[in-house]
Structures are given as C-alpha cells and as structure tokens.
Amino acid sequence: SVSPGDTSVLAGLYGPAEAKVSKELPDRAALEVLLRPKVGLPGVMERSREQLLRQTCEAVVLGVLHPRTAISLVLQVLSDAGSLLSCCLNAACMALLDAGLPLAALFCGVTCALQPDGTILLDPTARQEQEARAILTFAIASSERKVLMANTKGSCSVEEMQQCLAAAQRAADTIFGFYRDSVRRRYSKS
Amino acid sequence: MAAERGVAAEALVGQVVLPGDLLLLPAHYSEDAEGERLRLSAGAAPQARLLCGPGLRRSGAGLLVTKCGLLRHRPAGGGAYWVDSQQKRYVPVKGDHVIGIVTIKAGDVFRLDVGGSEPASLSYLAFEGATKRNRPNVQVGDLVYGQFVVANKDMEPEMVCIDSSGKSSGMGVIGQDGFLFKVSLGLIRKLLAPKCEIIQELSQLYPFELVLGMNGRIWVKAKTIQQTLIIVNILEACEYMTAEQRKQALAKLSGN
C-alpha cells in the first residue's frame, strides 16, 4: 500500500493467469484494472481512472511475453486526502514491481495544482485541489523522464502546462529514489 | 540524465537493479556479432557468446533490465548475467522439474495444474515402462512430479515423467499421504542450491521425504502427521527468518 500524506491505496496484482476465451488476446496479455472507492459502488469516475491506469500500465508491461493470459490489478482506496490518481499510479507501479512482471520501465504519478495566482503546488491536499484553478496529473516513465499519461482538470495555458511538467519531472526523481530504496530494503533481508 | 543511461554491467553485479536500467557490456561482446561474419581466415579463436538470463532482454548494445532484483554474473563458459528476483507466480520453462495436480483425464492425455496460466498436458505413454496395454495408474487429484519438454509462451506446456534415456529417475506419481504446500520461487531456488543448510539441519531433526517443484510447490512426508506439520511450518517460515532465528527454532524443537 502506498500513502503520500494521508491518501492511501492498497494494490494487488494477480497474473499472468488463465484468461476467459472472450477476453484473451492472441499476441499479448490482457490487462484489467479494478479501482474500488472507499465507500459506495464504483461509478463513472472510477471507470475513467481505471482506463487511464490501464493504458499507462500497458505502455510499460511487456505483454508480448505472456500472450493469451490475463493480468488483473485491483486497487482499493483506503483514505483519500487529495492527489488520488497519482497515488493510484504509484501503487500500481509498486504492485507490478513486487509481482515480478516483466517491465520495460518504471513509472510514477505526480499531481500539480495551479493556484489562481500562478504558483505551482505539488501533491496538493483536498482543500488545495478545490481552491486551485487547474489540477494536472502526469505519469512519468523512468527512461528519460518521458510522459506516459497527462490528465487535466480545469483550464491552464500551454506555458503553464510546460512549467508544471518540468516540476513534475524533477519530483519524479524523488519517487524513483523511493522505489529503489524500498526494493533495496526488501532484498537486503534475504 | 544521460549518465543514467547505460551503466557497465560489471559494476552492478550483486546490487539491486530496477526495470528500465540499461546495462552496458564490455566491448569485446558487442564486437562479436560483426566480427564473426568478417573473419574468414583470421585463425583467432571464436569469442564465447554471452548468455542473457531471466530478467534481462537484449536491446541495442546492452541489456535492458525487466525485473527488479539482484544482478548476478557467472564468468564460466562465455559468461552469463541474470537477475535474481522474488516472485510467487510460476511461468513454465523448458526443463524445469515441477509438481502438478491431475485435474482432468481426457482419453490419452492428462491435464495437470502446475500453477501457471495454462494447464499442462501429460501423455499416458510418458511414464517408465508404459505401453498401450500397460497403462499407468493415475487418478484425478494425484500429484505427479515431472519435467517440461515443451514450454514457451505460444504453446500449451507439455510434461513427461521420463528423461531422455527413458528412465524415470525419480519422476512419476507421488505416493499417498504427505502434505503439499506452496512457497515463493526464491525459497525453492535457495533450497535446491547444493549443500543447503536448511535441509541438512532439518534432516537431523526427523527423517522425512521431500519433493521440491520449481513451480513453488513442496511435498513433505514424515513418520507422523505432527512431524510433517512441524517441518511444513519451518519451511514456510524459512523465507523470513535469518539463519540465527532458524537455528534457535530448531534447537527448541529438538530439545522437546
């Protein structure tokens, strides 16, 4: 489970397992993401987030090594205090790492909030998200910090988006350092 | 950022590597592919080829890491690099010895669950001394220890219980009683290493029979049910215990 601040998401990855004949793809693995909110049934927001996560994961997972199989990623929101989508992205990446699925690169999620006065806040809390003019979430890959996914809520100019992107790419270094440390700790025990 | 691309492979042996890391190989390996074609009568000995093991893929001039884990290197025979990673999910590999559970008996072929994405198939003739008249006695629910003869991503895996000379060499249906349980693949590899301390220490405790499958399954049988369960608990806990804790636990048990 990953929790920056108070937002907490639990991720579980199952696969590569047998796929239903209706869902199997002949040349690659079929990736499925299920996002469960803390209260209530999954709604339209969860479905759209699932699709964003699925497309990001498909870009990095080497699905061609496991054709006709199904990989399921289940995410459960434990608490939500802002920056939920980037928390889900980080949890998904750690689950992929932990399960030993072949990946071409790692990715991390960073949320930027654009304040009405133009300042950029990284990983905003729920209150800062409400006051912000625009919220941008980026999924950034570990290979040359390329952008895998960008999601915007609100309006901002192109220059502001570029600035947010640059800030997010710098912040991604910290997150990748965290991944490396946790993997090191895990392998230092055995 | 440019400096992160491509670290020399030798520098990272024994350290943790993450997917997306690019490892550079020493120059004489990458020359090999072109050198072989141009060298007609050079008389120089051919370069040994580098083996790229699990967790690594060739990409351009180097190796791309695809799984997280410790990087290992074996210099013998041209050299081999691989990533030692921990996982619980098994992916069938040709030549692996595994424990399968018979799920369906369909005519001449048994379907076995080996813990992968597809059930493996086992022909009834693939046992020692089996002929069309003399069929082996295998029922649904039996445990079978065999090896993969076909296992790739495109085809259904196939198993046999004889080796290349027709002898069973320990493979076949596993007998009655005993206890089957699942552990992670890393623990199995540790137990299969030559002169494994865990097995030596356990054998001083009670006598027991042990079958290790590369798919994470272990079958144990000791004289009484209680002894069997004690051995099962120790093997499961071995994954997280250090050597000290294990010796203490065994000393407590042998004292009882």
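Every number in this text was worked out from the coordinates using simple rules, so none of it is lab data. The shown structure was predicted, so the numbers you read here are calculated from the model rather than taken from an experiment. No Cβ is skipped: glycine too gets one built from the backbone with ideal geometry, and neighbour counts run over all protein chains shown.
Pairs of alpha-carbon atoms within less than 8 angstrom and 6+ residues apart define the contacts here; what relative contact order does chain A have, in percent? Relative contact order, chain A: 20 percent.
Just to confirm the number: angle between the C-alpha axis of helix B:243-255 and the first principal axis of chain B, 0 to 90 degrees, nearest 10? Here the helix axis deviates by roughly 10 degrees.
Compared with the dominant Cα axis of chain A, that is its longest principal axis, helix A:84-99 is turned about 30°. Computed 3J(HN,Hα) for the stretch A:182-187, one whole-Hz value per residue from the Karplus formula 6.51 cos²θ - 1.76 cosθ + 1.60 where θ = phi - 60°, is 5, 5, 4, 5, 5, 7, glycine and proline marked x.
Taken as Cα centroids, the stretch B:62-138 and the stretch A:38-101 sit 29 Å apart, rounded to the nearest whole angstrom. Scaling the Cα radius of gyration of the stretch A:61-124 by the globular reference 2.2 N^0.38 Å produces a ratio of 1.45. Across peptide B:196-204, the mean count of Cβ atoms from other chains lying within 10 Å of each residue's own Cβ comes to 0. One way to sum up the overall shape of chain A is the equivalent ellipsoid from its Cα gyration tensor, whose semi-axes run 28, 19, 17 Å, largest first. Karplus-derived 3J(HN,Hα) values for the stretch B:55-60, using 6.51 cos²θ - 1.76 cosθ + 1.60 with θ = phi - 60°, are x, 10, 9, 6, 8, x Hz; glycine and proline are entered as x. Listing B:Met241, B:Met155 from fewest to most neighbouring C-beta atoms within 10 Å gives B:Met155, B:Met241. Summing charges over all other residues whose Cβ lies under 13 Å from the Cβ of A:Ser182, with Lys and Arg as +1 and Asp and Glu as -1, gives +3. Calculated over the stretch B:179-254, the projected area of the Cα convex hull averaged across directions stands at 4.5 nm².
Annotation: aspartates and glutamates with alpha-carbon distance below 18 angstrom to A:Lys189 (same-chain offsets under eight excluded): A:Asp98, A:Asp181, B:Asp84, B:Glu197, B:Glu236, B:Glu239, B:Glu244.
Across chain B, the mean sequence separation of Cα contacts (distance under 8 Å, 6 or more residues apart), normalised by length, yields a relative contact order of 13 percent. Rounded to the nearest whole Hz, the Karplus-based 3J(HN,Hα) values (6.51 cos²θ - 1.76 cosθ + 1.60, θ = phi - 60°) of the stretch B:210-218 follow the sequence 9, 10, 10, x, 5, 8, x, 9, 10, with x at glycine and proline. Taking only the Cα atoms of chain B, the radius of gyration and Dmax are 22.4, 73 Å. What does the charge add up to near A:Leu35, with Lys and Arg as +1, Asp and Glu as -1, over the other residues with Cβ less than 9 Å from its Cβ? Charge balance in the 9 Å sphere: +1. Residues with beta-carbon under 9 Å from that of A:Pro67, excluding A:Pro67: net charge, scoring Lys, Arg +1 and Asp, Glu -1? Combined, the nearby Lys, Arg, Asp and Glu give 0.
What percent antiparallel are the DSSP beta bridges of chain A, to the nearest 5?
Numbers: 29 of 36 bridges.
The antiparallel fraction comes to roughly 80 percent.
Counting Cβ atoms of other protein chains within 10 Å of each residue's Cβ and taking the mean over peptide B:58-70 gives 4. Helical runs assigned H by DSSP (4 residues or longer) give the protein assembly as shown a calculated mean residue ellipticity at 222 nm of -9000 deg cm²/dmol, each run adding -39500 (n - 2.57) before division by the residue total.
Partner shielding of B:149-156 amounts to 2, given as the average count of beta-carbon atoms from other chains within 10 Å of each residue beta-carbon. Legend note: in chain A, cysteines whose Cβ sits 4.7 Å or more from every other cysteine Cβ are A:Cys57, A:Cys87, A:Cys88, A:Cys93, A:Cys108, A:Cys156.
On a per residue basis, the convex hull of the C-alpha atoms belonging to the protein assembly as shown measures out at 211 Å³.
Scaled to the compact-protein estimate 2.2 N^0.38 Å, what is the alpha-carbon radius of gyration of the stretch B:53-202, rounded to two decimal places?
In units of the globular-protein estimate, the stretch B:53-202 measures up at 1.21.
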